[in-house]
Every structure is written in structure tokens, then in C-alpha cells.
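Here's the structure we're looking at; comments come further down.
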Amino acid sequence: MSPNPRPLRSQLMKNWFAIEAIPMYAIIGGILVGASWYTYRLAMGPSVVWTKSNPTPWNTIEPGQTTKMMTVNQKFDKRVLSSLMTNDVQDLPVPGAALTILDGPLRLPVIVFGAGTFANQYNPDAHLESTLPVRTVGLALRYGITAFDTSVYYGPSEVVLGNALQELKPEFPRSSYRIMTKCGRFGPSDFDYSPTRIRDSVKRSLERLQTDYLDTVYLHDVEFVCTPIAPRPEGSNLGALAEEAAAYGLAEGDENKVRGEGDQKVLDAYAELRKLQEEGRVKNVGITGYPLPTLLRLALLILHTPPFKPVDVILSYSHLSLQNGTFIQYAPQLRERAKVGQLLAASPFSMGLLTPSPPPWHPAPAGLSAAAKEASGIWPHGLPNLALGYAVRNTGSKHGNTPLVVGFSTPKEVHECVRVWRELQDKKVESRVEAEAAAQSEFSKAGYLDWSWASG
């Protein structure tokens, strides 16, 4: 017969709930709670809260920190990081001709993914928090669009793109694509080309994009930092290649002339990028901007300044479009005179001007916007389709191995871009060329054909 367990149980219960033990329980409980909280913080990374009062938390992430966006309910992480690519028809490429890989020094695809769309200037938070970014990136990779253009200036773009690429890593390892980003511009009027800030920015981009090297890093929007040299802020700039060369600082013999403090800032920043290139963190370095005469002048200045090496790569935007095609005239000068290794043309829709709903912040004057609206009814498939076809026809292997950077927000836009590219490979372009000429006629009648707005 077993002894009665009740006395022993009563004694244990009495000791367990003794008043004297309560402080000990409080200490142990506090330690457990603190340890759990600390473990959670280690797992989640820094407490980076994306709220209305802190709309740009990505600008405070330090080198060595992770880049997860942390909210109370982890909405951003769960929606973006847990959304795998599907085998739904929308996420699969349509069979057809493969996109061309160009023979240029960077071996870029004929279409480059413009990830500026992963910013609030183009899409709201709800879009960026959804599955659409990772699905759009995944579809682009499946089509062979294996290069991505982004910037620290594009708000959460680097974070969104980096998270998407990490999620797609099992299907597309880091070696299967190229990442191109920018530094030096951190806000609408926040520019810092100091070598220290350039280096810190590159380190931060590496963290955000979750990679140990970047294929290309540009100095962003150099016209806002360099010494301004131009006879007028807006209008046609084709005279810079002829009778107005001296007024734009492009006269023969002036290539190595530093025009002021701004030019020196650009040279110092570019030298820091070269150091990062030598360290292996960056493979190619370059400059971007809007005014083509400025890009040409700075490319010549860099070439004629020790160590007398040409710019690796230049990205020009909104100058290879139906409204302004002057990139075609400048490209030979950039390649032959400035010896630039790789050119890219971006924004075939001219930052949304050639779409049904241009963004409210677009710098186009009212007359230019009105001309774009008049041109929108010319092509039965819409002005964006016509504009994209024009840019596709004037880039690629037959045009100096120049890739076209196109912004994508949804899988549908990726499908449409590839469809237009394939259509143009069949060389049945007569009706398109006629429609392009008609659209350009609208801009010409309004006085805005090959017209550049002020920038810098």
C-alpha cells in the first residue's frame, strides 16, 4: 500500500506559493521576458519603423545592420518576403524569341528593369507591401531581363528590390543578374558628393540590396552638383554639338577645364567610386543626369583628368523618347570623343509624360503636356505602346549596344514590354513609323519637339 501523497503535495504547494518566493519569481520572469525580447530583436534586426512621421526610414539604416522593414504587425515583411513566385499564367513568360544580351562591356540585356517604380513617386505603400514587386521582378528574370536599375534616392526601392531578389534566390542566384544603383542624391534638394558620404552610401546600398558587390554605381543627377555651364536652362540643346559648343563648355581644347567648385566635387566623388571599384565592392562606375551637354562635358573632364581613364558607363533619361530623341545625336560624341564604355537610355515614357496619367510633379510645362495629350489619340494601341516601340527601335545591338531602361510596376507591364520588343524584331514597323512621325508632329507644332526642361 503506497503512502498518502497529500502531505507532501501540500508542503510543496505551500513552499511554491510562499510570499518570500514572490520576488524571486519576479526577477526570473523579468529575465525571461527580457531575453525573449532581446532574441526577437536580434532575429528581426534594427527597429526601423515605416510610418507617416518617419516616411524615409531607409535613410537611417547604418552599414552592418539588416534591412528589414519592421512594423507592429510585420505587414511589410510578411507580405513581401513570404510571397513566392507562382506558376500562374501571369507569372510565366509567354513563349517566344529570347531577349538579346548585348555585346557591350557590361554584357547587359537589351531591356533593363527600372526599379524607380518601387518608390512612392510612382506607387503607394499598399502596392510596395503587396506581392506585386516580387512577382514583377520574378517574371522579368524569367524573360531574361537580368539587370536592375535603382537608387538610394528612390525611397524604399533598394529595400523592396533587395528583398524580392533574396526571395527569388533559389531560382535566380546572385550571379544571374546585375544590380546598378546610384549615390550622391538623397532627397529632392539633398545632394552630398563628399567622398565620405559616397562611401557610406555605397556600403548602405550593399546592405539594403543584400549583396557583397554592386555591378554599377553612378553619381546621381550630376547637373545639380557640377558647376553649371549652359547659355539657357531649357529648350533645344543640339547647338552644343555645333555652333554653341563653347557656350556649353564643349569647345575643343577645353576638355580638362575645371569650371568651379561643383566640378571639383564631381571629380572627388568619382575618384572615391574608383577606390571602391579597386576594392572590389563595385565593378563599374559612372554618372547619370538629364542635360546631355552636361553629361558629355563631365565625361570629357573625367577622361582628361588623372588617371585619364574614361567613364565606364553613363545613363541618360528622357532623351530617347517620342518627344525628345536627341540622345541619338549625342551618343556618337559620348562614345567616340569621351570614350564612354557603355551607354544606357532610360525612361521611354519621359517620366510618365507619355502615359494617360502623368504624375502631378512632372516638370513639363502646360504646353508640352497639352501636346502629349493631343498625341495620345494617334496610335490605336495607345501612346505608351507607341513610345515604347520608338525607344526599342532606337536601342539595342544595332544602336551601339545600348540597353533601354524601362520601369515596371506589374507583371502585365513586363509582358507588354516583351511583346512590343518581339513585335519589332519582325521588322513590320511601317505603320508604327508613320504613327511616330504623326505624334512628333504634334510636339513640333507646339514648339516642344527635342525640347528639354530645366534641370539643375
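The values are calculated or read from the model by the stated rules, or taken from the named source; none is laboratory data. Nothing here was measured: the structure is a model prediction, and the numbers come from that model. All Cβ positions, even for glycine, are placed from backbone atoms using ideal geometry, and neighbour counts span all protein chains on display. Accessible surface is based on the protein model in full, side chains and every heavy atom, while ligands, DNA and RNA are left aside. Shrake-Rupley method; radii C 1.70, N 1.55, O 1.52, S 1.80 Å.
There is at least one residue in segment 128-135 that is touching an Asp or Glu at 6+ places or on another chain (Cβ under 9 Å) and at pLDDT 95 or above. The set of residues in segment 236-257 that are closer than 15 Å to L300 by Cα, part of a loop (DSSP other than H, G, I, E, B) and open to solvent by 50 Å² or more (accessible area, probe 1.4 Å) comprises E252, G253, N256, K257. When you check S409 against the structure, is it open to solvent by less than 70 Å² (accessible area, probe 1.4 Å), farther than 22 Å from T100 by Cβ and part of a loop (DSSP other than H, G, I, E, B), yes or no? In short, yes.
Within segment 376-405, the set of residues being β-branched (V, I, T) and under 11 Å from I111 (Cα atoms) comprises V392, T395, T402, V405. Summed over segment 340-362, residues that are assigned to a loop (DSSP other than H, G, I, E, B) and either surrounded by 15 or more Cβ atoms within 10 Å (Cβ to Cβ) or without any contact (Cβ under 8 Å) to a residue 12 or more places away in the chain (or both) total 15. With the requirement that a residue be outside any helix (DSSP H, G or I) and touching a Phe, Trp or Tyr at 6+ places or on another chain (Cβ under 9 Å), what does segment 139-156 give you? Correct list: I145, T146, A147, F148, D149, T150, S151, V152, Y153, Y154, G155, P156. Would you please name the residue that is farthest from N401 (Cα to Cα), looking only at residues in segment 101-132 that are open to solvent by less than 10 Å² (accessible area, probe 1.4 Å) and part of a helix (DSSP H, G or I)? Ranking the candidates gives L128 first.
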